[in-house]
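The next block holds one structure in the form of structure tokens; read it before the comments.
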Amino acid sequence: MNPSSQVRHLRWWLCGLLFVATAMSFLDRQVLSVLAPVITEQLEMTNTEYSYVTTAFLVSYSVMFLLGGRMMDVLGTRLGMALSVGFWSVASAAHAVVQNAFHLGACRFLLGVGEGGCFPGAAKGVAEWFPQRERAMAMGIAIGGSALGAVVAPPLTVWLAALAGWRGVFVATGLIGAGWVGFWWLLSSQAETLDSESQPAAVGETETGHVPLSDLLGRVETWGLALMRFIVDPVFYFYMFWIPKYLSQERGVTLEQIGQVTWIPFLALGISNIAGGWVSDWMIRRGLPALAARRWIMAGAAALTLSSSLAGRVQTLGMAITMMSLLMLAHGFWITNYVTVISERFPKGAVGTVMGITGAVGAVGGMLANTAIGWCVDRFSYGPVWMASGLMYPLAFMVLLAAIGSRNSGAGGEGPTSGEES
């Protein structure tokens, strides 16, 4: 095998490990939601206490979402990803020894500290190791593991729980993470061989795209995009943290049935993540301006999310899962085009910063909503939560129309014109 072929194979092996890392991040955070009916019963936790536990994860995750990219820049992708995955794997294993809600909340907080650096690290690794002609596909693979993790989590968690109990599941996920760190450390030791081939394509992008943070914070677009995440992220976190508990508490679904059905909405998400980008790019190739194409897709997605309001009212479990799947299908179309709007409105050197700002604001919205959901369910029911989940995306779309103008220029006037590929 010639040297250039070896380099090519190495970068794709590393991309595969990044895919596994993002999959593990969603697997490890989903284990609690799948096991929530059993864990909350054994630890005698109320819905309000459970909401505090899930919020603890969001608090640390939102902070580390902002700081994780900086950590990767300082330590490098190899060491940064090893520390990130290693730390959250230890935190995941520590769940096995919790005795009360406080212990559980502390472990979730530590899990968020570790996981906060995962996606910035994955994006940085792809940017470092892949030439521009391969980077978009590699980025989709590297960060796309999250959907697989969410799909695999319910059946895998239920199967492991049947073998080793709920505490054993957390030990297993910790061991999986430790194994990943070992493979990553060995394989990434050769990562420096990738620099000479991939770096020339990235230099021009970073040099021409720098925008001071003060300039970004002074733009209406930045805060409009952040407000959109603040509005819609609570819906996604509700689906991630509360659906198994809802199915058990309100519909009498067993743990085994939860493992059989709760992966279906996330499969719809994984499909629509890819389809959302393809459809809007197809519309652009047909002559529609870029921003208009993104808006049309997001408008259709927002309309489809109205179905979520019916999830708590339909009679059968199958229809409820269908309504949930429609929302997650819509979310995939929505979030892919949302991220694309950011990439088209800001220079490449500012995209990561804007993503960090908006993601952190979205996590804050998730914190507040999680606490409100626990309070609402304990005192009323899930009814108001379902109603609200169907209204958030249309509301966020109105913010998009108000905050993002029709011109297609990025900061400093260097963004793409309508119809251009970003």
If you take the beta carbon distance between residue 190 and residue 275 as r and set R0 to 25 Å, what does 1/(1 + (r/R0)^6) give as a FRET efficiency, to the nearest 0.05?
0.10
If I model a spin label as a point 7 Å beyond the Cα along the Cα-Cβ vector, how far apart are those points for residue 162 and residue 313 in nm?
3.6 nm
Going by average Cβ density within 10 Å per residue, which order do the peptides 325-331, 95-101, 243-249 take, highest to lowest?
325-331, 243-249, 95-101
Using the per-residue mean of other Cβ atoms lying within 10 Å as a proxy for protection, in what order, highest first, do the peptides 386-394, 366-374 fall?
366-374, 386-394
Starting with the highest mean, order 56-67, 171-182 by the number of other Cβ atoms within 10 Å, averaged over the residues of each peptide.
56-67, 171-182
Given 0.36 nm per residue, what is the gain on full extension from residue 67 to residue 12 after removing their alpha carbon distance, in nm?
17.1 nm
Add +1 for every Lys or Arg and -1 for every Asp or Glu among the other residues with Cβ under 10 Å from the Cβ of residue 48, and state the total.
-1
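Where a number appears in this text, it was derived from the coordinates with a stated rule and is not lab data. Just so we're clear, the structure is a prediction, and the values are computed from it rather than from any experiment. Every residue, glycine among them, receives a Cβ derived from its backbone with ideal geometry; neighbour counts consider all protein chains shown.
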